[in-house]
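Written below as structure tokens is the structure these notes are about.
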Amino acid sequence: MNDPLAQLAAEAVADPDLTYFAFAAGARSGPRVPPLMPTSAALPEVLCGRYRIERLLGVGGMGAVYQACDLLREQFGDPQPYVALKTLGEDFAEYPDASALLYSEFALTSRLRHANVVQLHAFDIDPLSQRAFITLELLSGCTLDRFIDEHPAGAPWGDAREIGLALLEALAHAHAAGVLHGDLKPSNVMVGDQGLRLFDFGLGQAQENRLPGLPQLCRSRFAAWTLRYAAPELLDGEALSAAADIYALSCVLYELCTGRHPFRRLSGKQARAMQLQAEASVLAPPIARALQAGLAFDPARRASLEELLQAFRTAPQPSSRLMRWLGRWPA
Amino acid sequence: MSALAERLRSAARTDTGKVRARNEDAFLDLPERRLWVVADGMGGHERGALASRLIVDRLAGLPDERDLQVRVQGLRRCLHEINRRLHQQLTVTAERPDPVIGSTVVALLLEGARGACVWAGDSRCYLWRRGRLYQLSRDHSLEQQLLDRGELSPQQAARHPAAQALTRAIGVAEPLSLDILEFDIFPGDVFLLCSDGLYRELSVGALGAALSLPSPQLAIRRLFDEVLGGAARDNLSAVVVRP
Ligand SMILES: Nc1ncnc2c1ncn2[C@@H]1O[C@H](COP(=O)(O)OP(=O)(O)O)[C@@H](O)[C@H]1O
Ligand SMILES: [Mg+2]
Ligand SMILES: [Mg+2]
């Protein structure tokens, strides 16, 4: 029994009060559905007799997202009967409350209505396999990690500004609605014909006291992150906060504008220990100042979303390609 | 070439084998696109199967081009992207901060009288030409590395406790380096792509005998009959192509 996950699962089963161990104890919000049988069977080809899995679109560590054909829509002659379908990985299917984890992603995202936030269709459980899944709009285009990779010297300012503003506005909308994202990173953002979409609120959380009744992820019992984008205080075990989202988003925006990770791909904790500062000379000064403040290691001193938005709205366009190439910026 | 004739020029199959609980191999058999792939995933739970499936499904979505160089470039870019995705963009948990999720890949691309093989890991590409078997890919494994250094005999290298450890794969390290071999195709050539679960269970003679059969379908049946008639300790996959 040295697999920590197995241990946690056993503990959860042994102690009835801890059945929903991924959620804060006492958060009066244990899911009201009975715990589902943990499943480790392969994903069926058709879920709920309705969604036929067609191909794997992506994996992110927590789960997998497939393209599926909605057979009902197809039956009614819809020429675009395709949806994206997200399931949790088997690592998580072992948790007795894995479906609640996915439901929390559904509930949080459903509370948001913004052009730059992904639209979900439904949360469902396949009765035969007991697999929980979310159906959501199928996005075309590419994830931001690929876009960044295709611009190794940084995206042209016009593109960077458009993407940056859309992302900042999506996050500002979520925060205003009381929803924290918890895992901002390039592969959780899609850019394509439909515009920019922020998705994957799988580690999201309702801001304290903002959405009572929703299950609360308890990070001391279920800690997850993406190392290169997690704020240093999250890696220390602190609770998710708006400031942690701002740190992660600042990492993404810095990478977008320069083509490079601000701390040479080190984690926030390592960068803090080495007292690194993100190199700013390639950025327009107002953007540089805002991003450096967004990347402050001390969450209390971090820039606000409003400050970042202001910088992206007002930063001057470089006056010419040559100036940009020279890395010089109008004062 | 008619659509039927085109489809008949290749055949493919995968099997869990007799020991493993799940199949983490995946293949792509796209004769109309002149693209064939075998991937052998690794990682706990379903991670290995997800990695090999992601490779195969993403490669299937590449645009159809008529220029071999352009196609090879597109395929390489796609594999590099998956490598970065599985390596540095992964959400991890405190309980499992460094999960293994990766896959080997071997891809065969044909265009007119030219072909290319691209690979990482120990899945192989063989060529059957004029009654002889050639291994076109060279394994990225510790065993092969020991052999290349010339310090050990093939028997000694194979006995090394970590002989089968991979030195390269998609998703395990950055930067990824892919190997590529380009070649001319001769009339009568037959290609075999396969995972280690197939070739480790068969002698070179058995591989050649299967590839000398008159059709890819017969070759696949013979290869699988032989492995599944034995221990079949690993997942096995094979694609046979007669251009
Ligand atoms: N709606 C969608 N349409 C198309 N592809 C998607 C969609 N949602 C996710 N993906 C792809 O799947 C990957 C993983 O999805 P995500 O929701 O981030 O899962 P995880 O929680 O495992 O990180 C994404 O990075 C993207 O490549
Ligand atoms: Mg994700
Ligand atoms: Mg194998």
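Taking beta carbons within 10 Å but only from partner chains, what does the mean come to for residues B:83-89?
On the way: counts 0, 6, 9, 3, 0, 10, 14.
Averaged over the peptide's residues, the number is 6.
Determine the shielding of peptide A:53-64 by partner chains: average, over its residues, the number of Cβ atoms on other chains within 10 angstrom of each Cβ.
On the way: counts 0, 1, 7, 11, 4, 7, 14, 5, 11, 4, 2, 6.
Across the residues of A:53-64, the mean count of other-chain Cβ atoms within 10 Å is 6.
Quick check on packing: order B:28-35, A:58-65, B:136-143 by the mean number of other C-beta atoms within 10 Å, highest mean leading. If you can, show how the numbers build up before the last one.
Numbers: B:28-35: 18.4, A:58-65: 23.5, B:136-143: 19.9.
Result, highest mean Cβ count within 10 Å first: A:58-65, B:136-143, B:28-35.
Hey, fewest Cβ within 10 Å first, where do A:Val179, B:Val190 land in order? Mind showing how you got there, number by number?
Values: A:Val179 25, B:Val190 21.
Sorted ascending by nearby Cβ count, the order is B:Val190, A:Val179.
From Cα pairs below 8 angstrom and at least 6 apart in sequence, can you work out the relative contact order of chain B, rounded to a whole percent? Intermediate values should be presented prior to the final figure.
Details: 527 pairs, mean separation 65.9, N = 243.
So the answer I get is 27 percent.
Would you list, by chain and number, the lysines whose Cα falls below 19 Å from the Cα of A:Lys86, excluding same-chain residues fewer than 8 positions away?
The reachable lysines, counting only those whose Cα sits under 19 Å from A:Lys86, are A:Lys185.
Which net charge results for the neighbourhood of B:Leu136, defined as the other residues with beta-carbon distances under 14 angstrom from its beta-carbon, given Lys and Arg at +1 and Asp and Glu at -1?
On the way: positive: B:Arg114, B:Arg124, B:Arg129, B:Arg132, B:Arg138; negative: B:Asp122, B:Asp139, B:Asp179, B:Glu182, B:Asp184, B:Asp189.
Here the count lands on -1.
Quick one: Karplus J couplings for the range B:93-103, per residue in order, coefficients 6.51, -1.76, 1.60, θ = phi - 60°, nearest Hz, x for Gly and Pro?
Couplings: 10, 4, 5, 9, x, 9, x, 8, 8, x, 6 Hz.
Suppose every K and R has +1 on its Cβ and every D and E has -1 on its Cβ; what is the size of the dipole of the protein assembly as shown about the Cα centre, in Debye to the nearest 20? All intermediate terms of the calculation are to be shown ahead of the outcome.
Working: 62 positive and 67 negative charges, 208 e Å.
Here the size comes out at about 1000 debye.
What do you get when you divide the Cα radius of gyration of the range A:142-326 by 2.2 N^0.38 Å, with N the number of residues?
On the way: Rg = 16.0 Å, N = 185, 2.2 N^0.38 = 16.0 Å.
Here the Cα radius of gyration is 1.00 times the empirical estimate.
Can you put B:Phe186, A:Phe92 in order, fewest other beta carbons within 10 Å first?
The fewest-first ordering by Cβ neighbours comes to B:Phe186, A:Phe92.
Can you return the aspartates and glutamates within cross-link range of A:Lys269? Criterion is Cα-Cα under 20 Å, with same-chain partners fewer than 8 residues away left out.
By straight Cα distance, A:Lys269 reaches A:Asp183, A:Glu233, A:Asp236, A:Glu238, A:Asp245, A:Glu255, A:Glu279, A:Asp298, B:Glu95, B:Asp98.
Could you work out the mean projected area of the convex hull around the alpha carbons of the range A:157-200, in square nanometres to one decimal? Intermediate values should be presented prior to the final figure.
Numbers: hull surface 12.9 nm².
Mean orientational projected area (the range A:157-200, Cα hull): 3.2 nm².
Which of rounded, prolate, oblate describes the protein assembly as shown, given a ≥ b ≥ c as roots of the alpha-carbon gyration tensor eigenvalues and a/c under 1.5 marking rounded, otherwise prolate only if a/b is larger than b/c? Write down the numbers at each step before the final one.
Values: a/c = 1.82, a/b = 1.45, b/c = 1.25.
It comes out prolate by the Cα gyration axes.
With contacts defined as alpha carbon pairs under 8 Å and 6 or more residues apart, what's the relative contact order of the range A:142-326 in percent? Display every interim value, and only then the final one.
Numbers: 263 pairs, mean separation 44.0, N = 185.
Result for the range A:142-326 is 24 percent.
The numbers here are math on the coordinates, done by the rules we state, and not lab data. Everything numeric in this text was worked out from a predicted model, so none of it was measured. Please note: Cβ atoms are built from the backbone with ideal geometry, for glycine as well, and neighbour counts cover all protein chains shown.
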